[in-house]
Amino acid sequence: MNERKEPDLVTLSPARLQQIQQENPFVRISDAVYDILEEAILSSRLEAGSKLKINTIAEQLGVSGTPVREAIERLSSRGLVVEQVVDGKKYKSYHVFDIDDTDIAELFMARKAIDGIAAYICAEKNWRVDIEQLERHAAGFRSAMHEYVVGRAGWLDAASDRALHVEIVNAAQNKYLSEMYHSIDKKLNYLSVRTCEYLAAARKRDDLLRICSQHDAIINAIRMGFPQLARQVMDEHVDFCEANCLNYRSISRLNEKK
């Protein structure tokens, strides 16, 4: 198995730490480090399996090891970092988490259940949905996809894809649905990033364009006030993403072993 790369200087730069401190002068250093590492993990800039060395990260960010350790321990408690005991509990090592195929399938099942009913409610009560905002998110993803396909971006930014789904769930205005969704929001964000990452790595331009078309179909069904259609196209979209995520993940793993 190929050894995973360590965090790079661009991802973990002092400039990002300074930016967070400028935005909130009272932020604790450990909280700022936590945000930086969480952002890097969920954006997939820190690859699954990457080893997190406390001293290295502290040096890169220009901080002491204590806030880095605190941040990593918090990430471990949330399941974003895997902690391993070394040499009979004398030492610990930390790696960026990964999820197996079963976890991915179960996450997609949860996402389909929540997103599908949220789309249904939004179409049923579309007067309270900001259609223009949904269209901006869809356009944002299409733009990000285009930038990647033509080679102007080194990775496919999935932020707009996630924002569109979150907007639909929030627009449903069902507090219990929202609570369920946001309880797994971080994992769903990671899943969205991974799906786009696998599709992008496979250079399947038609599949990326199909995701854009599915976004448009969901928005149109909500705009026209067709609940059943909105749920149907949302279900098809989630199923399509799941199939491609698992398929290209398998291909990626095979390529790594070569």
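The values are calculated or read from the model by the stated rules, or taken from the named source; none is laboratory data. Quick caveat: nothing in here was measured; it's all calculated off a predicted structure. In this analysis, Cβ positions are derived from the backbone assuming ideal geometry, glycine residues included, and neighbour counts consider all displayed protein chains. Note: areas computed on protein heavy atoms with side chains; ligands, DNA, RNA excluded. Shrake-Rupley method; radii C 1.70, N 1.55, O 1.52, S 1.80 Å.
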Quick one: would you say Thr66 is surrounded by fewer than 18 Cβ atoms within 10 Å (Cβ to Cβ) and either of a type in the set (Gly, Ala, Ser) or at pLDDT 90 or above (or both)? yes
Can you tell me how many residues in the range 204-243 are over 21 Å from Cys122 (Cβ atoms) and in contact with a helix residue (DSSP H, G or I) (Cβ under 6 Å, 6 or more places away or on another chain)? 4
Test Glu167 against the criterion of being free of Cβ contacts under 8 Å to residues at least 40 places away in the same chain and among the acidic types (Asp, Glu), and give yes or no. yes
Tell me, please, whether a residue that is open to solvent by less than 70 Å² (accessible area, probe 1.4 Å), more than 27 Å from Met224 (Cα to Cα) and without any contact (Cβ under 8 Å) to a residue 60 or more places away in the chain can be found in the range 100-110. yes
State all residues of the range 79-91 that are assigned to a strand (DSSP E or B) and more than 27 Å from the chain's Cα centre (by Cα); if no residue qualifies, say none. Val85, Val86, Tyr91
With the first residue restricted to the range 29-53 and required to be open to solvent by less than 40 Å² (accessible area, probe 1.4 Å), and the second required to be of a type in the set (Lys, Arg), Cβ contacts under 6 Å at 6 or more apart or on different chains are Tyr34/Arg74; Ile36/Arg16; Gly49/Arg4; Ser50/Arg4
Per the filter on the range 27-78, residues outside any loop (DSSP other than H, G, I, E, B), over 24 Å from Ser192 (Cβ atoms) and hydroxyl-bearing (Ser, Thr, Tyr) are Ser30, Thr56, Thr66
Criterion (without any contact (Cβ under 8 Å) to a residue 12 or more places away in the chain and touching an Asp or Glu at 6+ places or on another chain (Cβ under 6 Å)) met by exactly one of Ala144, Ala153: Ala153
I'm trying to understand the selection: among the residues of the range 181-195, which are of a type in the set (S, T, N, Q) and modelled with pLDDT under 80? Asn189, Ser192, Thr195
